[in-house]
Amino acid sequence: MSKDVKTPMLDDLEKGAWPSFVKEIKKAAKRSNTAHDLLGILERSYRDKVTHWKHGGIVGVLGYGGGVIGRYCDLPEEFPGVAHFHTVRINPPSGFFYTSKAMKELCDIWDKYGSGLTNLHGSTGDMVWLGTQTDKLEPIFAEITAKGWDLGGSGSCLRTPSSCVGMARCEFSNIDTMSICHTMTQKFQDELHRPAFPYKFKIKVSGCANDCTAAVARADMSIIGTWKDNIRIDQAEVKNLAKSMNIQEEVVDMCPTKCMSFDGSTLKINDKDCNRCMHCINRMPKALRPGKEKGATIMLGGKAPIVTGALMSWVLVPFMKLEAPYDNLEALIRKLWEWWDDHGKNRERIGELVDRMGMRSMLEATGLPPVPQMVKAPRTNPYVFWAPGEVK
Amino acid sequence: MSKDVKTPMLDDLEKGAWPSFVKEIKKAAKRSNTAHDLLGILERSYRDKVTHWKHGGIVGVLGYGGGVIGRYCDLPEEFPGVAHFHTVRINPPSGFFYTSKAMKELCDIWDKYGSGLTNLHGSTGDMVWLGTQTDKLEPIFAEITAKGWDLGGSGSCLRTPSSCVGMARCEFSNIDTMSICHTMTQKFQDELHRPAFPYKFKIKVSGCANDCTAAVARADMSIIGTWKDNIRIDQAEVKNLAKSMNIQEEVVDMCPTKCMSFDGSTLKINDKDCNRCMHCINRMPKALRPGKEKGATIMLGGKAPIVTGALMSWVLVPFMKLEAPYDNLEALIRKLWEWWDDHGKNRERIGELVDRMGMRSMLEATGLPPVPQMVKAPRTNPYVFWAPGEVK
Amino acid sequence: MADKPKRITDLGSPDYNKFLPPVIAKNYGKWKYHEYINKGVMKHVSETGDELYTVRIATPRLVSTDYIREMCDFSEKYSGGYLRWTTRHNVEFFPAKEQVDGLVADLKKAGHLVGGIGYGISNVVHTQGWIHCHTPATDASGVVKAVMDELHEYFTTKTLPARVRIALACCLNMCGAVHCSDIAILGIHRLPPKVNEATLANQCEIPTTIASCPTGAISPNPATKSVKIKSERCMYCGNCYTMCPSLPIADGTGDGISIYVGGKVSNARGPARMSKLVIPFLPNNPPRWPETVKAVKHLVEVYAQNAKKHERMGEWIERIGWERFFKLTGIPFTYQHIDDFTFARDTFRMTPTFKWE
Amino acid sequence: MADKPKRITDLGSPDYNKFLPPVIAKNYGKWKYHEYINKGVMKHVSETGDELYTVRIATPRLVSTDYIREMCDFSEKYSGGYLRWTTRHNVEFFPAKEQVDGLVADLKKAGHLVGGIGYGISNVVHTQGWIHCHTPATDASGVVKAVMDELHEYFTTKTLPARVRIALACCLNMCGAVHCSDIAILGIHRLPPKVNEATLANQCEIPTTIASCPTGAISPNPATKSVKIKSERCMYCGNCYTMCPSLPIADGTGDGISIYVGGKVSNARGPARMSKLVIPFLPNNPPRWPETVKAVKHLVEVYAQNAKKHERMGEWIERIGWERFFKLTGIPFTYQHIDDFTFARDTFRMTPTFKWE
Ligand code: SRM
Ligand code: SRM
Ligand code: SRM
Ligand code: SRM
Ligand code: SF4
Ligand code: SF4
Ligand code: SF4
Ligand code: SF4
Ligand code: SF4
Ligand code: SF4
Ligand code: SF4
Ligand code: SF4
């Protein structure tokens, strides 16, 4: 254990009502030199107002190209415990359900080889084990796989897919989000572990347009459950709810397509006009339920701003039936990857490639027909391209 | 007069209820060889489905760089009458009011030197005299100036400004559109006749947000009348109108800011929320009138799509009082031109320059403060620029 | 030289005040309200109590001096010798109340179309086409005549849910406010320019020509002292031809018409907005362009049947959604409808909320 | 080699089915409706009549194995040994109805915050900051702790007109859904990278480094076998540093925090949308970032006072207009608010309709 360091600034963050990450580091620091030196170097960052982590190097486990983020500090002499401070990404179960037994097993492994600190979860959804050394990676890998766990993604590959809780606990879910997430993870193991794409690719699955996994904002492929038929209405429950809420103001007036009406006792929906935004169902879950002809809208392109500006996913397939084993979805994803592989530049996300090359190239490659649902509105500019055969 | 030509296709366009331009050409053709050969060459275009006009050359009158568009046909032997077919742009009076006396004088000049065909008006608003020869230009110029007329703009200069009818006939007008248009035309005679800008610059003036001169769509500087205080309501007239129209549905429900209410007899407007869109006033001109504190919103940048895509003008100055002689407006325009001159590339409209360089450079040069009215919303991307002095 | 009469220049526009009818000069800035009498006649009432009648007729925009003289004669007989043109190429007269009916009758007798006021279709803003320009992809006046022969009743008698502004531009330069029209008829090329290698070096500055291309399709061809065009990059905008006559782009087969809808200029109810592509191509079929006439008429009729009162075409489409619009009109949705130019991303539907059709 | 035990690979994610509480396994896909009991407890009812109770608590996201073991203990005592993490880093337990109160009491006693359900502020999605990353412009966990110490009551008891999702990213890479959050706290640099000429040639590929710059600010410097940066072009995105360690961009003075608001992800009522810049810069002031805490609190309070029920922050702002938002919050509008990046034109107000303030 390195020399004792004073951490007055961090100590201040032990106070207050919100759970304190400093307390957590201190707990781990009791057992782990790595966690202890993390405190020291973090306090230094608080003083200097800059990070003390250097660019990571490539570290990992045999046969995998990802799953570990290499990290080294720039003050290794002062803080030898964090000279190496790699993170290990563990693929969580879909839906983030655990048993205490499984969790404790994982904790044992981590206490043995690492800082004892984790993020539950990382923003992508991995269990992020923070702080270990290069020589511990293979042992960690051997122990987790022995318990049935595997690494998640990092680098230019498929990243660990994730989903909302879906049918496990949500009455709104139109698709089996956890099953889709799990199945895709299993089908694409090679793409997940061995980076061979132009850049990263993320898949997220939400059971309805509430998008509780923020798929549209942060997944290249966003799968959003929806339905084709009519919202199911329980008029007795409507009457009941009318006693405790203002249905006209809170529901009917807020419907974006103005397709509802309420006469004080019966609620009517013109389902042809409904865009399945979920607002009315959210407000009256006892009275309203999504329809029965369920499936998903498949959307493409979501990502953070680097470098041409953030994108949210847009509609690629308005409606796809999704039933295990989801071969239709797999086929579509493979076709998209093939097209991206053929045309994408290094570090170009698939959404940026569509943005650069135009939707047509991608649609032709995947065999998807152009449909008005793909766009908010048709083009305003007159710079229309015609393929050679089209002009006659 | 050249040999007689058959024009079966054009003849067909003499039929039908809508006024026929072919009839007009034929009328002129009775007197003018130029008009006669125009029929011939136009029929040829109808057959070939391509134009028979070549790229224009630079022709004009002494000391002016614009006002005439040179034009030559590609079949001069066959149609000698249109070998030269230049157009002359005459600056109309603001508001397009004429006396028959003045019009007839102009017709006399045109019959003497040209085809006798005109566009009333061109899209920019000029009287467009279609079809004369190079040697007629100086005589035309001498005769029109003798009668008090002048050429309009063409080329990289200020184009002929135009305005809606405004206070002359419209109760909605918040500014004296015709006076502003006329005054700017007179102040900027040099800039109008002697192209010295990076590209064309257009000014259009509308008295209210109905924008009857389509200023926002087609003028680099769009001046739109508006008011700062409250809409004037005549409640007696409201009650009257309530008998013949559905005020709730046609007015209150269609107000974009939802700032109106009507209880069946009194109409209330929350003027703080009103964005002065004009809809309610349009529907109830007898009952509602714009406020009394009048002025204009000054907008910048409107233009057609060549080459980066069309722009509509955007808010530059939310409110400017406009009273003759409009020195404040003149000063602003001159400052904008100066900045454009300093930075604009050849054939770069001022809106495109702002688009390329960012609003800040233009605002700093003109001394205008940044205000939220300039944008629909603040930026979403994080690529924020800081000037050296700002970081400390 | 000293003897030459001084050349008059820089007069600018004549003072409009001398062209104003007396009732207008007197009530300038004092108008209080207006009333539509019918589609061709309206009345403005002043704070002074004075009334102004306006009678409006359609013009073909391309007119002879004979036509102007005829208008002048009408104005002398019925309007004190005063007349006016509107921003959409119509003529307006200002008869006294008791002269209105006589004027209207006389105008009609002479074959003129009285109308254009209120909710319907006013005159078509358009451009030169084959009459005078060197870059058109279609004619202007002819297409307008063919379309309005079919729709003229919307000028004279029939009403619509709101104004429908039709405009035509014969090439992508879009002279006129075509890009913000309820219905925009736009001439387009669909084949890249041909390079006239023989004349190019003489007629054109090569760097300027290369720079003129928005998509970077043009590159130098030092061998021929000319340029090369990468046809798969060309979007047929014609800007290179504007800069260089040796790159003609017009082509009998390639050229034709495309239709954009849903734009508007006024800010009433909602902001001005641009027109959007709905029919990517219709052939040039002079003299009556039947495909274009049919398409425009169909658009007007579907709108008339479905829009709510006061709802402009674009407002109607936005309310029902573009997916419904394509369904209702039966127009097929194609690759061309999807923007793929610089700002395309803003048009992508970044939400799973839409209608099935 | 042959003796080595076979290495297990490509297991993927463990089958979630083995982690589901029995009541969930039984009622999977059969849930009918839910009810909020209070901000920390909700009930889901199945078509089978079964009920599922969920109790939720906040976590600091960065946790020790001790913490996880503590959670496991709670789950064993009250939740059959099952527990779950939400997509926003909260822990959920599934007690039987009669266990709910005991669990809640025990959790509170141990100092945990029970809450996060319904309309209020749930956990903050955030990133690594100075804990683990090489590119941050601010810390993550520390800022979040400081902000939530101030706002924790919106997690536990106080409600708001709708959900307010706060997220933090420590650099422009924006790990997390920061760009679509009601309130986004974003670490930013404001000074260009410094060129470490001594190491660059060794550490970096020059063409890739040059290509990484979105604004073309980087050019080769053949003299030093390194690169030059045109500082007036640099937007401090840090992408070059990601590609090349010899271009460090972090700077104690230049770095700090900016605040974006009005984004959301759900499509309820209106489509998902991006957050917009409202406070261009606040200094890094560890350990409690008082300026940032104050700003976020102020934004939440102004929203709470003014928004209508069910109206997310962005929906509220869009209803009242950004001009009114700046007035109500007292935040000054500056050059920085006006977009000047590639797609800026779409943000310009192309209509004269707006509010005075
Ligand atoms: C650990 C994590 C943040 C966290 O604290 O949770 C993270 C950490 C890093 N991200 Fe991230 N990203 C993480 C989720 C995200 C997300 C959110 C998501 O996946 O849902 C995003 C936004 C969505 C997206 O992918 O666009 C995200 C967008 C980025 C970007 C920008 C990518 C872009 O195209 O705009 C970069 C930059 C890059 O790839 O070079 C980046 C790069 C990085 C790097 C590798 C730094 C770098 O420049 O190389 C960070 C390593 C930090 C470290 O040392 O631990 N990270 N990153 C998240 C992964 C944990 C996990 O596996 O669960
Ligand atoms: C005559 C007229 C069309 C008409 O039939 O009315 C016209 C005719 C031409 N316009 Fe135009 N423009 C005319 C009003 C417009 C307008 C409308 C307006 O001014 O309100 C526009 C759209 C607004 C704008 O300025 O953006 C317009 C946008 C263009 C453009 C595209 C400019 C751009 O920045 O996108 C060009 C291309 C160019 O400048 O090279 C252009 C170029 C041309 C040229 C000079 C052709 C060329 O490529 O050099 C045309 C000459 C035709 C001829 O031989 O007669 N014309 N042009 C209009 C002028 C008459 C007048 O003075 O009253
Ligand atoms: C005469 C003219 C102005 C001029 O200086 O020449 C004019 C005159 C009037 N306009 Fe206009 N507008 C005129 C072109 C326009 C234009 C420009 C254009 O079409 O190129 C527009 C914008 C069109 C657009 O949005 O695309 C225009 C949009 C309006 C509107 C807004 C309509 C809407 O709801 O969107 C009103 C208000 C209304 O109709 O209720 C209006 C109202 C009026 C009123 C009622 C104003 C008044 O109180 O006098 C005038 C008679 C209207 C009528 O003709 O039905 N005027 N008006 C123009 C007649 C053109 C023509 O011959 O048809
Ligand atoms: C547990 C969780 C899913 C999961 O797989 O983990 C979840 C669960 C539920 N969400 Fe969610 N949402 C969860 C993250 C999200 C997210 C994602 C995020 O915040 O990153 C969103 C999108 C946020 C956004 O728009 O920015 C989200 C937007 C919603 C909405 C739409 C809110 C709106 O009106 O905009 C609803 C419907 C509602 O609130 O009426 C909803 C409704 C629900 C319901 C009521 C669904 C149900 O019937 O079970 C669940 C309980 C809500 C609650 O906690 O108040 N959930 N929900 C996530 C809990 C996160 C947390 O710990 O706080
Ligand atoms: S996205 Fe929809 S289905 Fe999934 S948890 Fe949220 S509300 Fe339920
Ligand atoms: S889901 Fe949305 S659009 Fe459909 S009826 Fe309900 S509120 Fe309206
Ligand atoms: S723009 Fe306004 S003021 Fe001018 S004519 Fe039209 S309605 Fe009247
Ligand atoms: S002018 Fe427009 S925004 Fe103002 S009250 Fe009238 S309809 Fe509403
Ligand atoms: S639109 Fe094009 S072709 Fe037509 S007049 Fe204008 S420049 Fe010429
Ligand atoms: S027509 Fe336009 S896109 Fe094609 S080569 Fe010429 S300038 Fe380029
Ligand atoms: S947001 Fe930036 S600094 Fe923070 S973890 Fe992600 S890459 Fe690192
Ligand atoms: S920080 Fe970004 S903008 Fe600045 S030089 Fe590096 S890559 Fe270019």
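The values are calculated or read from the model by the stated rules, or taken from the named source; none is laboratory data. The structure presented is a predicted model; accordingly, all values stated were derived computationally and were not measured. Here the Cβ positions follow ideal geometry from the backbone for every residue, glycine too, while neighbour counts run over all protein chains shown.
So which strands (runs of 3 or more DSSP E) are wholly in the stretch C:21-78 and hold at least 2 residues that are facing chain B (nearest Cβ under 7 Å) and farther than 23 Å from B:Gly166 by Cα? Lay out the reasoning, then the answer.
On the way: elements: C:31-38, C:41-46, C:51-57, C:62-64.
Hits in the stretch C:21-78: C:62-64.
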For the stretch D:77-99, does any single residue satisfy the condition of being over 27 Å from A:Ser123 (Cα atoms), buried (at least 21 other Cβ atoms within 10 Å of the Cβ) and in contact with a Lys or Arg (Cβ under 8 Å, 6 or more places away or on another chain)?
no
Residues in the stretch D:240-262: is at least one within 7 Å of ligand 12 (Cβ to nearest atom) and within 20 Å of the chain's Cα centre (by Cα)?
no
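Taking the stated definitions as given, is A:Lys345 within 16 Å of ligand 1 (Cβ to nearest atom) and either more than 24 Å from A:Lys200 (Cα to Cα) or assigned to a loop (DSSP other than H, G, I, E, B) (or both)? Full working, then the answer.
Details: within 16 Å of ligand 1 (Cβ to nearest atom): yes; either more than 24 Å from A:Lys200 (Cα to Cα) or assigned to a loop (DSSP other than H, G, I, E, B) (or both): yes.
Yes; evaluated as a whole, the condition is true for this residue.
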Output the number of residues of the stretch C:176-219 satisfying the condition of being within 13 Å of ligand 2 (Cβ to nearest atom) and within 23 Å of B:Lys49 (Cβ to Cβ).
5
Going through the stretch A:94-119 in order, the residues found to be buried (at least 24 other Cβ atoms within 10 Å of the Cβ) and either within 21 Å of the chain's Cα centre (by Cα) or among the β-branched types (Val, Ile, Thr) (or both) are A:Ser94, A:Gly95, A:Phe96, A:Phe97, A:Tyr98, A:Thr118, A:Asn119
Residues of the stretch A:173-231 that turn out to be among the charged types (D, E, K, R), surrounded by fewer than 24 Cβ atoms within 10 Å (Cβ to Cβ) and either touching a residue at least 60 places away in the same chain (Cβ under 8 Å) or more than 11 Å from chain D (Cβ to nearest Cβ) (or both), as a count:
7
So, in the stretch A:303-336, of the ones that are in contact with a Gly (Cβ under 8 Å, 6 or more places away or on another chain) and among the basic types (Lys, Arg), which residue ends up farthest from A:Ala209 (Cα to Cα)?
A:Lys335
Going by the structure shown, is B:Val128 part of a strand (DSSP E or B) and under 27 Å from C:His89 (Cα atoms)?
yes
Out of all the residues in the stretch A:311-320, is one or more small (Gly, Ala, Ser) and either surrounded by 20 or more Cβ atoms within 10 Å (Cβ to Cβ) or within 11 Å of chain C (Cβ to nearest Cβ) (or both)?
yes
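Matching residues to (1) facing chain C (nearest Cβ under 7 Å); (2) closer than 17 Å to C:His134 by Cα:
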{"position": "B:Lys6", "(1), (2)": "no, no"}
{"position": "B:Pro19", "(1), (2)": "yes, no"}
{"position": "B:Val22", "(1), (2)": "no, no"}
{"position": "B:Lys27", "(1), (2)": "yes, no"}
{"position": "B:Val50", "(1), (2)": "yes, yes"}
{"position": "B:Lys54", "(1), (2)": "yes, yes"}
{"position": "B:Gly60", "(1), (2)": "no, no"}
{"position": "B:Gly67", "(1), (2)": "no, no"}
{"position": "B:Glu78", "(1), (2)": "no, no"}
Being within 30 Å of D:Cys237 (Cα to Cα), in the same structural domain as A:Cys208 (by TED's automatic domain parsing), surrounded by fewer than 23 Cβ atoms within 10 Å (Cβ to Cβ) and not β-branched (Val, Ile, Thr) is true for just one of A:Ala324, A:Ala304. Which residue is that?
A:Ala304
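Table: residues versus (1) in a loop (DSSP other than H, G, I, E, B); (2) in contact with a Gly (Cβ under 9 Å, 6 or more places away or on another chain); (3) surrounded by 24 or more Cβ atoms within 10 Å (Cβ to Cβ); (4) modelled with pLDDT of 95 or more.
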| site | (1), (2), (3), (4) |
| --- | --- |
| A:Met1 | yes, yes, no, no |
| A:Met9 | no, yes, no, yes |
| A:Trp18 | yes, no, no, yes |
| A:Lys27 | no, yes, no, yes |
| A:Leu39 | no, no, no, yes |
Out of curiosity, is C:Ile229 away from ligand 12 (no atom under 16 Å from the Cβ), β-branched (Val, Ile, Thr) and surrounded by fewer than 20 Cβ atoms within 10 Å (Cβ to Cβ)?
yes
The stretch B:41-77, subset touching a Gly at 6+ places or on another chain (Cβ under 7 Å) and among the charged types (D, E, K, R), residue surrounded by the fewest Cβ atoms within 10 Å (Cβ to Cβ):
B:Asp48
Within the stretch B:272-294, work out how many residues are crowded, with 18+ Cβ neighbours inside 10 Å and within 11 Å of chain D (Cβ to nearest Cβ).
6
Within the stretch D:267-357, helices (runs of 4 or more DSSP H) holding 1 or more residues that are out of contact with any His (no Cβ under 9 Å at 6 or more places or on another chain), free of Cβ contacts under 8 Å to residues at least 24 places away in the same chain and more than 10 Å from chain B (Cβ to nearest Cβ):
D:290-306
When you check C:Asn285 against the structure, is it more than 16 Å from ligand 1 (Cβ to nearest atom), out of contact with any Leu (no Cβ under 6 Å at 6 or more places or on another chain) and farther than 26 Å from C:Lys145 by Cβ, yes or no?
no
Single match in D:Ile210, D:Ile188 (criterion: away from chain C (no Cβ under 14 Å) and buried (at least 23 other Cβ atoms within 10 Å of the Cβ)):
D:Ile188
Here the qualifying pairs (Cβ atoms under 7 Å; residues six or more apart or on different chains; first in the stretch B:36-63 and among the aromatic types (Phe, Trp, Tyr); second part of a loop (DSSP other than H, G, I, E, B)) come out as B:Tyr46/C:Pro286; B:Tyr46/C:Pro287; B:Trp53/B:Arg71; B:Trp53/C:His132; B:Trp53/C:Cys133; B:Trp53/C:His134
Test: residue in the stretch D:34-49 that is of a type in the set (Gly, Ala, Ser), without any contact (Cβ under 8 Å) to a residue 12 or more places away in the chain and more than 30 Å from A:Asp190 (Cα to Cα):
yes
